[in-house]
Structure formats: structure tokens, C-alpha cells
1. Please arrange Val406, Val452, Val464 by how many other C-beta atoms lie within 10 Å of their C-beta, fewest to most.
2. Taking the C-alpha atoms of the chain, how large are the radius of gyration and the largest Cα-Cα span, Dmax, in Å?
3. Identify, among Pro40, Ser2, Ile12, the residue whose Cα sits farthest towards the positive end of the charge dipole of the chain, taking +1 on the Cβ of Lys and Arg and -1 on the Cβ of Asp and Glu, with the dipole about the Cα centre.
4. Taking N as the number of residues in the range 5-83, what is its Cα Rg relative to 2.2 N^0.38 Å?
5. So which trypsin sites (Lys or Arg not before Pro) in the range 72-116 pass both tests, a DSSP loop state and at most 11 other Cβ atoms within 10 Å of the Cβ?
6. Between the alpha-carbon centers of the range 400-477 and the range 1-70, tell me the distance in whole angstrom.
7. Out of Thr77, Gln232, Gln457, whose Cα points farthest toward the positive end of the dipole of the chain (charges: +1 Lys, Arg; -1 Asp, Glu; placed on Cβ)?
8. Mind running the shape call on the range 398-489? Use the C-alpha gyration tensor, a ≥ b ≥ c as the square roots of the eigenvalues: rounded below 1.5 for a/c, prolate if a/b tops b/c, oblate otherwise.
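Just so it is clear, none of the values below were taken in a lab; they were calculated from the coordinates. Worth saying up front: this structure is predicted, and the values here are computed from it rather than measured. In this analysis, Cβ positions are derived from the backbone assuming ideal geometry, glycine residues included, and neighbour counts consider all displayed protein chains.
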Amino acid sequence: MSIQQENRFQAIIAHAKEYGFVFPSSEIYDGLSAVYDYGPYGSELKKNIRDHWWKSMTQLNDNIVGIDAAIFMHPTTWKASGHVDNFSDPMIDNRDSKKRYRVDHLLEAHADKLAHEGRKEEEFALLKSMDDLLAKDDFTGLKQLIEDNKITCAISGTSNWTDIRQFNLMFKTEFGAIASDNPNDNVVYLRPETAQGIFVNFLNVQKTARMKVPFGIAQTGKAFRNEIVARQFIFRMREFEQMEMQFFVRPGTEREWYKHWKQQRLNWHLDLGTPTEKYRFHDHVKLAHYAKEACDIEYEFPIGFKEVEGIHSRSDFDLSQHQLYSKKKQQYFDNDIDEKTGKPYGNYIPYVIETSIGLDRMFLLVLSQAYDEETITKDDGATDTRVVMRIPVKLAPNKLAILPLVKKDGLPELARKLMDECKPHFRCFYEEKDAIGKRYRRQDAIGTPFCVTVDHQTKEDGTVTLRERDSMTQKRVPLSEIKNQILNLL
Ligand code: GAP
């Protein structure tokens, strides 16, 4: 990461805290690593992103329905899904600093360094070797690659590395208060993904909502991972939220559905107005234990291009595993006629295409894309910097700020009346303290797209000033038209 990028990232983190978007968790006790709380504007923005995703997936696709499964699940779920045995990352420790690193992150950081030094070919070769070795789980080869590249620990500065080992990322806890001699009897896991809550409910949903393949089940909710390398603000958290959709398809059609969802999900991102060049696909070489084909949608964060969403072709792996472990059939009867045989497709376990996006990561994407330090030239030629969050209107925490110019002369009463008229329809903010310029800047900093100022002229001709956040243009609009104008703009 360049100094400029690092500074921008730090500025976004500081801004998020100062303006009530994101706070470190339990900060009065010095925080808890990789756990964060969302403040008044953050929780609103997060909810708006979640609602926007939910609406795009369920309301706008009549073959996708939603569920809300519990976080706790029967522990066999995680045995069946492969998470007990396979949900681990290769790690390496530095003996001098005692610091633990994820092997791929250590190598990627070195590759970034090579890229910054203009050593593009070496960067490419390193990443290729890493992908090949990871795909083969060749830990000896990976350690050799670290040593050959003379990669050192950022804290101790030494290359005194341990061997590479796997660490499981699931959090365990105990369920109920039943005394048992076997400590494993009461173990439950905090779910590391929301997807399994969908799989175990596949038939419940298919039958009760009378769904026909192809159809999808969507869910949003918390997931937990004991990430070893947990830094970079809300990019990698130990408690986070996912928005996942499992799309059940007829076997043999999975490739076309995979391509369909890859494009659909990229379109969803682009529809928010983010330029195309800020996104790219990264097709996986090393596939997760369940995947047949997979890619990430990457966004160019201030910390570089990183995954924001995954699209995975999961075959019938999950449903087959649940059928095996639960001994309950997970088949679907397809009575459509197969043109080749002239008979119904009959019973099968559907294949699955998954779209999985981190809500917190999407939140960071929105902050990163929105944050702007704009230089303004004033009438006298002097310059000033305005920090403005150019958050897409549909996601902005507040849609309209209503500001009486002064706290007297009947202006607050007029402004309050407008507030009462508008607040049932969209989120408004009322403020009468401080000079108007200062109040505009505060709204810019939290991303409010529109401000209305009620002034003395309002009393004379019934008009108010409507100010637009991004362009800062102002126009006079009849007070009576504000609600409908904002509704139209939303
Ligand atoms: N069900 C598939 C699954 O969980 P994943 O690639 O491990 O796939 C999906 O995670 C998405 O969840 C990622 O693209 C990312 O946006 C988000 N995510 C994963 N781990 C995260 C973490 N530790 N902190 C924040 N978001 C995370």
C-alpha cells in the first residue's frame, strides 16, 4: 500500500469514528480485536445496504424467497458441511515475535511490495507459485517460497519461521447446562457462514413456498470466524454479517447459472454508480472444499483490490452431505419433461450456485467509494477543504436535513412542520444550532444528499432553499413541493 493509500484508509477510519459510523467494540476497555460496533449513521447505512440487497434478491426475483435461520445449529451440520475438518487456513509463526501470519497474506503482501517496486514479472511469478502450492496443499513448498523470497516478520524483522500448520477458524461454545463426562457432548459452533441454515431448510422452504427448481433462498445474518490475521478495520472481522443466496438448479445447468449470477451480481454493484474499473473478477485456482468453480468480485479498496463477494458453484455437495449425515432424503421431484427422454426429470439432488457478500465489507466499499476531500475555491480566491461522503442516495443514512436559518422569527415552527410532513416517508434530520455553512458541512460529512433551509423569504413567498450535496447547487423550491420532489429524487 502506498503512503497516499494508507493515509486515505486511515482518514476513512477516523472519519467513520468521528461521525458515528463505526466504533471499535467496547472501546472504553481498549476494544476487542477485529470486532466493531456501528453508530447512529453506520447502523442506518448498514440497514439500507441490507435492505437494498434483500429487495434486489427477493422482491425483484420472483423465484427467490428469504429465510431467517438461527445462529446455533446442530453440531453435526458442521461435520457434514466439512467445516469441522476443512475450515482452516495454513498459518506460519515467527519464533522471535510470536506473531502468527496467514501464509497467503504474507506472500501477497510481499507480492504487493514487488509490484510497487515495478518488479511486475517477479510479482506475477510469486503469485503463480503461491496459487499452485496452495492448490496442492504443499506446505513444505510454501515455506520454501517464503524463505526463497527472504520474507521477514514485520515486527521482529527476522525470518525465523516455524513450519506451516492448519488452524480451524470456527468459534466453539457450550450449549445448555447438562453435565457430561465428555466435554464434546455440549459443543456447538457459532456459524462461520449463513449458507448452512439455508441448506438444512431446503425442503422446508421448497415445500411451504411451493418453489420449483430453479429457485433461490436468501438470508442475511451474523457469521463468526476466529480470523488469525484480523486487521484492516472492518475488512476482516471476527464477528460479521453475510448476505447469501443459494440458487438450486437442475444438474447439468450449473455452468450457465454460474455465469448468470456472476454477471447479475456485478451488475448489482455497478448499478450503485461505482465505476467499472473499480471492480474485477478473480477466478479461483484453489477451490474451497465444496466448490466446483468459484470467483470473487474484487473492488479496489484503499488497501488494494480485495474480495467483496464470492460466487461459488457448489454442486450437490452440501445437500448430499446433509442427506448422508441426517439420513433424511434431500431430493427434489422435477416433473418437467426432459426433451431427450420424453419423461419427467424425476428425483435428484439439485446443484447450487451461491452468491455470498459480506455486509460489513460492502459497507467499507461504500465508505471507500464515497469519501472525498474536495478543495473548494471561495469568492475571495482562498481555498478550503470539504469532506463529503458521496453515498448513493438510496443508501444514505439521512435523505433530507431540514435547517431553519435562525432559531427565531417563526422559522423553527415552519421547519418542524415540514419535518412532520416528510418523516413518515423518508429519514429526515432537523438541526437549528450553528451557522448554516457549518451545518451544511456536517451533513456533507455524513452523506445527506439534500438540505432544505427555511429562511425569512419562506415567510414571504413560501419557498425554501434546496441544496444538493455533491454539486452544492442551491435552488428555490416551494415548501409545499419539497416532500414530493425528494420522493421523486429517491
Ligand atoms: N458461504 C460461502 C462463504 O462464506 P466466503 O468467501 O468465505 O464464502 C463470503 O465469504 C463473503 O463473506 C466474503 O466475500 C466477504 O465479503 C465476507 N467475509 C468473509 N470473511 C469475512 C470476515 N472475516 N470479515 C468480514 N467479512 C468477511
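1. Details: Val406 12, Val452 24, Val464 28.
By the 10 Å Cβ count, ascending, the order reads Val406, Val452, Val464.
2. My reading of the Cα-based Rg and Dmax gives 26.3, 82 Å.
3. Pro40
4. 1.55
5. On the way: sites: Lys79, Arg95, Lys98, Lys99, Arg100, Arg102, Lys113; in loops: Arg95, Lys98, Lys99.
Loop-located and lightly packed - Lys98.
6. Cα centroid of the range 400-477 versus Cα centroid of the range 1-70: 27 Å apart.
7. Working it through, the farthest residue towards the positive pole turns out to be Gln457.
8. Since a/c stays below 1.5, the shape of the range 398-489 is classed as rounded.
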